[in-house]
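The values are calculated or read from the model by the stated rules, or taken from the named source; none is laboratory data. Quick caveat, the model's predicted, so the values are computed rather than measured. As a convention, Cβ positions derive from the backbone with ideal geometry for all residues, glycine included, and neighbour counts pool all protein chains shown.
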Amino acid sequence: MRITPALTALLVAFAGPLAAQVINIDFDKDETSPVYLGLAAAPDPSGNAAIWNSLYGSGTGTISKSSLVDSSGQSTGVGISLGINGGYLSVPGQQENGGAGLGYQDLMSDYVYLAATTNTQVLSKNGSITGLNPLKTYDIYLYAQGDNFLGEYSDGQNALITINGVSKQTSWDGVIGGDGLLVEGIEYVRFTALPNASGQINFSYANVVTGVNATSDLDGLNSRFAVINGIQIVDLAAVPEPSGALLAAVGLLAMSRRRRR
């Protein structure tokens, strides 16, 4: 079959994927903390201009924000709530700050946290992402790495995150100040999840205690802290893959050409 301009246009219309919507959240100590801007681990059509929502709080309670904007600045109906014990800012910090260039400092050096009484007790707090489409699938990136990797309490160097009964653990790359990379299983964990019928994805985070809620604390020290630096919510929906829809379109074009002959 000869590829005509009309067919080319049709192929583009059916095969060209739409950019996924991304909602970014930077958890900060307070309103004076710098808000991260730009790319992190998730692919984002807005690139280095990607906008992040700021959410901060101190003291034990629940922080929340509704009508989050997406990475292009457009308002959405998505909201978030998260249980915390407080917020903290570490300068320069020992976690992933982006290496010598400190590229991720505004994302990783401040955070909200939970704090158990001791480093042998597990404390878990809950979060909820609301306003999602229950018919869509989302990738959820959770950044969870604290600022102190040494000492008795090892302040939140990793956390155990659970969504829909699946648990994943962050860790530490062993480099004070970070190696300039955002790596899955170290600085962040990623889940692919379908919201419930109410459009919610619920999750929990907890400090890591060897032999209690994890096989091992990945840096060798239990911690009474767990932190959340940031969250990215990626809507994976795009136009249909060019399978059935594309074949149908080609067939319609062929029928149209026959009728004109």
Next on the checklist: Of all residues being buried (at least 20 other Cβ atoms within 10 Å of the Cβ), touching a Gly at 6+ places or on another chain (Cβ under 7 Å) and part of a loop (DSSP other than H, G, I, E, B) in the stretch 118-150, which is modelled with the highest pLDDT? Just the residue, please.
Outcome noted: 132
Next on the checklist: Just checking, does the stretch 18-38 include any residue being out of contact with any strand residue (DSSP E or B) (no Cβ under 6 Å at 6 or more places or on another chain) and either buried (at least 19 other Cβ atoms within 10 Å of the Cβ) or modelled with pLDDT of 95 or more (or both)?
Outcome noted: yes
Item to check | Failed item in (1) in contact with a helix residue (DSSP H, G or I) (Cβ under 6 Å, 6 or more places away or on another chain); (2) among the small types (Gly, Ala, Ser); (3) at pLDDT below 80, with residue 223 passing the rest | outcome: (3)
Next on the checklist: Cβ-Cβ distance below 7 Å, separation of 6 or more or different chains: which pairs start in the stretch 34-53 with a residue that is among the charged types (D, E, K, R) and end on one that is at pLDDT 95 or above?
Outcome noted: 44/22; 44/50; 44/71
Next on the checklist: Of all residues being modelled with pLDDT of 95 or more and aliphatic (A, V, I, L, M) in the stretch 64-111, which is surrounded by the fewest Cβ atoms within 10 Å (Cβ to Cβ)? Just the residue, please.
Outcome noted: 69
Checklist entry - Taking the stretch 179-205 as the region of interest, how many residues are closer than 21 Å to residue 104 by Cβ and not aromatic (Phe, Trp, Tyr)? => result 11
Next on the checklist: Which numbered condition in (1) closer than 25 Å to residue 128 by Cβ; (2) at pLDDT below 95; (3) in contact with a strand residue (DSSP E or B) (Cβ under 9 Å, 6 or more places away or on another chain) is the only one that residue 189 fails?
Outcome noted: (2)
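Could you please find all residues in the stretch 42-63 being of a type in the set (A, V, I, L, M, F, W, C) and surrounded by fewer than 19 Cβ atoms within 10 Å (Cβ to Cβ)?
Taking the stretch 42-63 as the starting set, the residues that turn out to be of a type in the set (A, V, I, L, M, F, W, C) are 42, 49-52, 55, 63.
Once the filter is applied, which keeps residues that are of a type in the set (A, V, I, L, M, F, W, C) and surrounded by fewer than 19 Cβ atoms within 10 Å (Cβ to Cβ), the stretch 42-63 yields 49, 63.
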